[in-house]
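A.B. asks: Here it is: the structure, laid out below.
The values are calculated or read from the model by the stated rules, or taken from the named source; none is laboratory data. Because the structure is predicted, anything quoted here is derived from the model rather than measured. Here Cβ is always computed from backbone atoms with ideal geometry, including for glycine, and neighbour counts include all displayed protein chains. Just the protein is used for accessible areas: all its heavy atoms, side chains included, with ligands, DNA and RNA removed. Shrake-Rupley method; radii C 1.70, N 1.55, O 1.52, S 1.80 Å.
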There are 4 protein chains.
Amino acid sequence: MHAAIAGGLARLLPAAQVATATLQEAEHGLTAERLANTDVLTWWGHLAHDQVADEVVRRVQARVLEGMGLIVLHSGHYSKIFRQLMGTTCSLTWREADERERIWVCNPGHPIARGLGRYFELPMEEMYGEPFAVPAPEEQVFLSWFEGGDVFRSGCCWRRGNGSIFYFRPGHEHYPTFHNETVLRVIANAAEWARPRGQWVDSCPNVPESAEAVAPK
Amino acid sequence: MHAAIAGGLARLLPAAQVATATLQEAEHGLTAERLANTDVLTWWGHLAHDQVADEVVRRVQARVLEGMGLIVLHSGHYSKIFRQLMGTTCSLTWREADERERIWVCNPGHPIARGLGRYFELPMEEMYGEPFAVPAPEEQVFLSWFEGGDVFRSGCCWRRGNGSIFYFRPGHEHYPTFHNETVLRVIANAAEWARPRGQWVDSCPNVPESAEAVAPK
Amino acid sequence: MHAAIAGGLARLLPAAQVATATLQEAEHGLTAERLANTDVLTWWGHLAHDQVADEVVRRVQARVLEGMGLIVLHSGHYSKIFRQLMGTTCSLTWREADERERIWVCNPGHPIARGLGRYFELPMEEMYGEPFAVPAPEEQVFLSWFEGGDVFRSGCCWRRGNGSIFYFRPGHEHYPTFHNETVLRVIANAAEWARPRGQWVDSCPNVPESAEAVAPK
Amino acid sequence: MHAAIAGGLARLLPAAQVATATLQEAEHGLTAERLANTDVLTWWGHLAHDQVADEVVRRVQARVLEGMGLIVLHSGHYSKIFRQLMGTTCSLTWREADERERIWVCNPGHPIARGLGRYFELPMEEMYGEPFAVPAPEEQVFLSWFEGGDVFRSGCCWRRGNGSIFYFRPGHEHYPTFHNETVLRVIANAAEWARPRGQWVDSCPNVPESAEAVAPK
């Protein structure tokens, strides 16, 4: 799955350097040095969320707040890193029933929707339904319609610290979702949208400003 | 239609004083005096948006900014007052095909969803689809699923000035939507949510503050 | 300090039951049973943030998401619970210089500003300055002006899950801030604003919906 | 004044084509053709807001919703176009007293703050104070501190339709504010931030979707 995503991004974003990291690698492949050189991180996970080391989660969170973009895919809604950044449970409802999903663009001028039509479809996907327990999205890009009668806020944007976060719903492991050209296009667009916007380093609060005070005592 | 809504509100909110106003009345029934004594105004309109006097629209807008709640129903999305308060086109897509609508609660802890289950259904309604051209909702209460394959942000909250605004999608004139008990419950909940929160009067900007200045020149 | 706040709340909100809990108590006085019976929790802390047990923080977070209001005071910006709910560092700049603080109301219609004038002053307070590393506030109630040349977003509102969160800046332990009548009024107003809005319990995502599916397979 | 701004932008954004338009020109220099070829419009106005033709305001609003960026400067807060896009009064308090203004960066990672320090100062400016009657900013970039004891949300971002809107406070006509290098840098940064993000044309709501319906009747 990570190979499919990486391959798609490398093809659609020829100027980008694309690499992968997996749970099994030392530090899950997310060393401090590597994160420091990463502009945007894409995260997919499912059954093994608890096996992700808290130390690595803290490191990724710090790097997002420093400016790295984060794209959370599908069951990554329940990852430690996403819950940590949202502050909420990030729960939802779900059903595995080989359902058709129709993903609507509700913000057609948003850069993440660039090049898309009014909607696109995935012939079979897992269903995710509301309520999606996240903070109110700052921009809503996609909403999903499911054959079985459910809806979902499928593409949501937040800014946290200097970092940009995009949650994108599709991607169940039983289906060829990450071989779908539009899905890859969305992830590539999101990677461009989520690129670091600024270089500010949060230097802790212990910085007395007396030298700059207007009327120092 | 206004009678059905007013009757439902009077029954569900026994402490409230409920009255109606229509386009045909002088000043559409929305005189300055009457608005000054109104806590929450419910607005439905369809073909005659252009017949609403600009003077009355300005008066209603001023009263909302002063603190009056506003509940905009269905085709009221295209009313002058809603467009004026949102600043956008408020456009959407639509289809009349006697479709089933399933309205999902995506914020079950919100007061407007009080007493509702996970969703409720209307057996036949007009379809409204995305993109819904409004500012990002500050709180999203409902999302609609339509039999024909569309979705819509059906319950949206905004604060403007001192006023609270709720848009609620259902209510096509061909269907008995405003006789549906859950629809009336939502409007009653919204009326409680949208009650004035504060009494501040916006006194124009021409208020020099020199008496309070720390270091007057 | 907790006694001053509790006394003020008991006086200003005569219908409320007010109690205190401190770090030194077993489970910091925040047992599951006690939290379950709490509508709004006020949090002040300074040097001992690290001594707050992670288990208690998780419990308080869960209860906020369930609907309990949370009012975070002053140096509580750096508490585990506030950082956990915000997802950011919550850092700021600071200076101890016995400065005058003028707290401006920037949303006079907001219920937390009820009964206040255009601003109020504290003759001496610690300075907190921008950047305040939190998610964009959903409503901004207060901004502070400091004699020494700094500004700060002093009153910020967020909704997380079913819970309402208010951060209020003043309250350094060297000054009689919590004996100031306006400060107590703000906390009392915030306690009313932050009361639970809904009763929904987040029941984890493992809830297949097949019985309700429109077209079950 | 427009010459100073245009000159600064031309220097700081050498790839940009910069031109000016004034009230006195036919259609205020904002013809449909010209707007169609404009990516970002900067708006300053003071005493003559009422002389701006409603037809031109509607045209500019439509073009913003289509994707053009809009930067509103200083007393432009009271322009028809800004009030139209915000939906609120956009009022504030003010005082002319040759006061020092210190403008703080409260979102240092935001592209509009690129290249700035923690704050910058204008030795003399008109004071603008809270409450600033606008919808809650989606991103807050600057806050102002005034010598006389006031504060103001000096740099505010909103998205409306496809368009990006930035309000920037400084710029009273009695002072050389638009010759200040940091002020020009902010406007140039804002012009880059506000460039059109998407090409979607809002095609009115009258677009039945029956051909795409899942289950047409």
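A.B. asks: Sort out which residues of the range C:99-111 are without any contact (Cβ under 8 Å) to a residue 12 or more places away in the chain and either more than 7 Å from every other protein chain (Cβ to nearest Cβ) or open to solvent by less than 10 Å² (accessible area, probe 1.4 Å) (or both), and write them in order of number. Steps first, answer last, please.
C.D. replies: Residues of the range C:99-111 without any contact (Cβ under 8 Å) to a residue 12 or more places away in the chain: C:108-109.
Of everything in the range C:99-111, just one residue is without any contact (Cβ under 8 Å) to a residue 12 or more places away in the chain and either more than 7 Å from every other protein chain (Cβ to nearest Cβ) or open to solvent by less than 10 Å² (accessible area, probe 1.4 Å) (or both), namely C:Gly109.
A.B. asks: Could you please find all residues in the range D:1-25 being of a type in the set (S, T, N, Q) and surrounded by 15 or more Cβ atoms within 10 Å (Cβ to Cβ)?
C.D. replies: The initial filter retains those residues of the range D:1-25 that are of a type in the set (S, T, N, Q), namely D:17, D:20, D:22, D:24.
Across the range D:1-25, there are no qualifying residues.
A.B. asks: Kindly indicate whether D:Thr31 is over 24 Å from D:Glu173 (Cβ atoms), of a type in the set (Ser, Thr, Tyr) and surrounded by fewer than 17 Cβ atoms within 10 Å (Cβ to Cβ). Working first, answer last.
C.D. replies: Working: over 24 Å from D:Glu173 (Cβ atoms): yes; of a type in the set (Ser, Thr, Tyr): yes; surrounded by fewer than 17 Cβ atoms within 10 Å (Cβ to Cβ): yes.
Yes: the conditions hold for D:Thr31.
A.B. asks: Report yes if some residue within the range B:158-172 is away from chain C (no Cβ under 11 Å) and without any contact (Cβ under 8 Å) to a residue 40 or more places away in the chain; otherwise report no.
C.D. replies: No, the range B:158-172 contains no residue that is away from chain C (no Cβ under 11 Å) and without any contact (Cβ under 8 Å) to a residue 40 or more places away in the chain.
A.B. asks: Does A:Val40 satisfy being in contact with a Leu (Cβ under 8 Å, 6 or more places away or on another chain) and away from chain D (no Cβ under 14 Å)?
C.D. replies: Numbers: in contact with a Leu (Cβ under 8 Å, 6 or more places away or on another chain): yes; away from chain D (no Cβ under 14 Å): yes.
Taking the combined requirement at face value, the residue satisfies it.
A.B. asks: Find the helices (runs of 4 or more DSSP H) located wholly in the range B:1-119 whose residues include 2 or more that are of a type in the set (Val, Ile, Thr), and list them. Explain how you work it out, then say what you get.
C.D. replies: Numbers: elements: B:2-12, B:32-36, B:54-66, B:80-86.
Answer list for the range B:1-119: B:54-66.
A.B. asks: Let me ask something else. Scan the range D:77-98 and give yes if some residue there is within 14 Å of chain A (Cβ to nearest Cβ) and either open to solvent by less than 10 Å² (accessible area, probe 1.4 Å) or at pLDDT below 95 (or both), otherwise no. Don't jump to the end; show me each part of the working.
C.D. replies: If we filter the range D:77-98 for residues that are within 14 Å of chain A (Cβ to nearest Cβ), which is where we start, we get none.
No - not one qualifying residue is present in the range D:77-98.
A.B. asks: Still on this structure, please answer the following. Kindly indicate whether any position in the range B:116-127 is open to solvent by 10 Å² or more (accessible area, probe 1.4 Å) and within 17 Å of the chain's Cα centre (by Cα).
C.D. replies: No - not one qualifying residue is present in the range B:116-127.
A.B. asks: Kindly provide the set of residues from the range C:120-130 that are within 13 Å of chain D (Cβ to nearest Cβ), of a type in the set (D, E, K, R) and part of a strand (DSSP E or B), ordered by number.
C.D. replies: Residue satisfying the conditions is C:Glu121 alone.
A.B. asks: May I ask you to verify whether B:Thr38 is crowded, with 20+ Cβ neighbours inside 10 Å and touching a residue at least 12 places away in the same chain (Cβ under 8 Å)?
C.D. replies: On the way: crowded, with 20+ Cβ neighbours inside 10 Å: no; touching a residue at least 12 places away in the same chain (Cβ under 8 Å): yes.
No; evaluated as a whole, the condition is false for this residue.
A.B. asks: Could you figure out which of (1) within 14 Å of chain C (Cβ to nearest Cβ); (2) open to solvent by less than 20 Å² (accessible area, probe 1.4 Å); (3) aliphatic (A, V, I, L, M) isn't true of B:Val57?
C.D. replies: Only one criterion is unmet by B:Val57, namely (1).
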